[in-house]
Amino acid sequence: MKICIDAGHYGRYNQSPADRRYYESELTWRLHLLQKRYLEEYGIEVIVTREDQKKDLGLYSRGAASRGCALFISDHTNAVGTVVNDEVDYPAAYCAIDGRADGIGMALAQCVEQVIGTGQQARIEHRRGQHGDYYGVLRGATAVGTPGLILENSFHTNTRITRWLLEEENVDRLARAQAETIALYYNIIKPLPEKKSGWVEEDGGWRFYLGNTGEPVRNDWYQDGGDWYWFDGAGMMIQNDWKTGSDGRWYFLGSSGAMVRSQWVVWKGELYRMTGDGSMYQGAICLQSDEKGALLIQKAVPEVNGKKAVTETEPEVNSRKKGQPETVPNTEGQKKDLPGKIPEAGADRQQKMTGKTVLRKQKEKQRIRRVRKKKNKKRRV
């Protein structure tokens, strides 16, 4: 379906005597653009008679611009002379005398009555001139075969109506209701929006939409491939931040949003170890290398019943391990004050001290050799 909408008048025309801020031309310009927007949501094609609000066009040519359309509407507000009259407020549709727009004209006039809440009932009118329709826009629309009407959205000589029309929220409601009325009259159903699915970049971040519902994941974890992600209440993926799981353990979400596993994390100048299931490790950690020089992580296990302590060893790797965490985190919580730094293991300190002692002994031996060589040279001389 195709509709032509005309904003009655141009520039600053027909100032209200009830409120000097109001101009009919400015109201109808805003109204017709909103009508166009909401009609297009129903899949209706909408054209307008002018692109420039300050530009005047002939009446007949504006109506004739509706060639090929199923309906022509010219938006206006009415007046009782040039003085305030708070008694008159009825909405009216002045329909072409051929009667083809009478039905939709009455429906739109009644829509105005209901939305604004006028004291007088809506009506339709016909006005004949010497050459057919009295109004030039309706003569133009009729000439190209388009059912046409002039919609008078109540009276701008009425104080209450004028102030109501000055509110942008009210004008938006009116335009939306008129679009719904047109769609209902012509039995047009608003198409369902296409469901989003998977990763979508929007609003400055990333959301993940579930294909079965078209809704984003909110306040929950979601596993995509081998990685886990957390999404906040707005459905936005969280990056470079901590979350707690239902097990009470901490998990870190990296720059890609994925839960970090089997890696070191530097957070505010402090170093943390993330385990293979993504949880933060707490306890002693010993560092040593294998026969190839690869760094191994040793998690110390305390001595039990007098038996010698053993260690759990895992290689340090750059790639993340795949697999589901032991406990799937599912609770909210922002990490504020994390536990202290990972304590330096005693074995590691001992290893560092041993290395320094050896280095000092080697330097001392070299110094003694140099002194002996100098003394031997003097004796020969």
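Quick notes on this structure:
- Length released on extending from Asn240 to Lys54, taking residue separation times 0.36 nm less the Cα-Cα span: 61.8 nm
- Projected label distance in nm at Glu270 and Arg37, using a 7 Å step from Cα toward the beta-carbon: 4.9 nm
- Rg over Rh for the stretch 86-149 works out to 1.04, using Cα positions for both radii and the Kirkwood form for Rh.
- In terms of its C-alpha gyration tensor, the stretch 141-199 comes out oblate, because a/c is 1.5 or above while a/b does not outweigh b/c.
- Exposure check, 1.4 Å probe, all protein chains in place: Val80 carries approximately 50 Å² of accessible surface.
- Carbon/sulfur fraction of accessible area - the stretch 85-242, other protein chains in place, 1.4 Å, %: 44 percent
- Inter-centroid distance (Cα atoms) of the stretch 40-106 relative to the stretch 236-256, Å: 57 Å
- Cα gyration tensor category, rounded, prolate or oblate, for the stretch 191-290 with a/c compared to 1.5: prolate
- The stretch 16-114: proportion of alpha-carbon pairs further apart than 21 angstrom, %: 43 percent
- Per the Debye formula on identical point scatterers at the alpha carbon atoms of the stretch 36-195, with no solvent, log10 I(q)/I(0) at q = 0.13, 0.19, 0.20 Å⁻¹ is -0.64, -1.32, -1.42.
- Put Lys292, Lys243 in order of accessible area, highest first, and with a 1.4 Å probe you get Lys292, Lys243.
- Across the stretch 115-270, the volume of the C-alpha convex hull divided among the residues equals 256 Å³ per residue.
- The residues of the stretch 1-150 expose, per residue, 46 Å² of accessible area to a 1.4 Å probe.
- Tail weight of P(r) past 18 Å, computed on alpha-carbon pairs of the stretch 161-225, percent: 62 percent
- The packing ranking, built from the mean of other Cβ atoms within 10 Å per residue, places the peptides 97-103, 139-145 in the order 139-145, 97-103, highest first.
- Solvent-accessible area per residue for the stretch 154-238 (1.4 angstrom probe, square angstrom): 55 Å²
The values are calculated or read from the model by the stated rules, or taken from the named source; none is laboratory data. All values derive from a computational prediction rather than experimental measurement. Cβ coordinates were reconstructed from backbone atoms using ideal geometry, including for glycine residues, and neighbour counts include every protein chain displayed. For the accessible areas, the whole protein counts, side chains as well, though only heavy atoms, and no ligand, DNA or RNA atoms are used. Shrake-Rupley method; radii C 1.70, N 1.55, O 1.52, S 1.80 Å.
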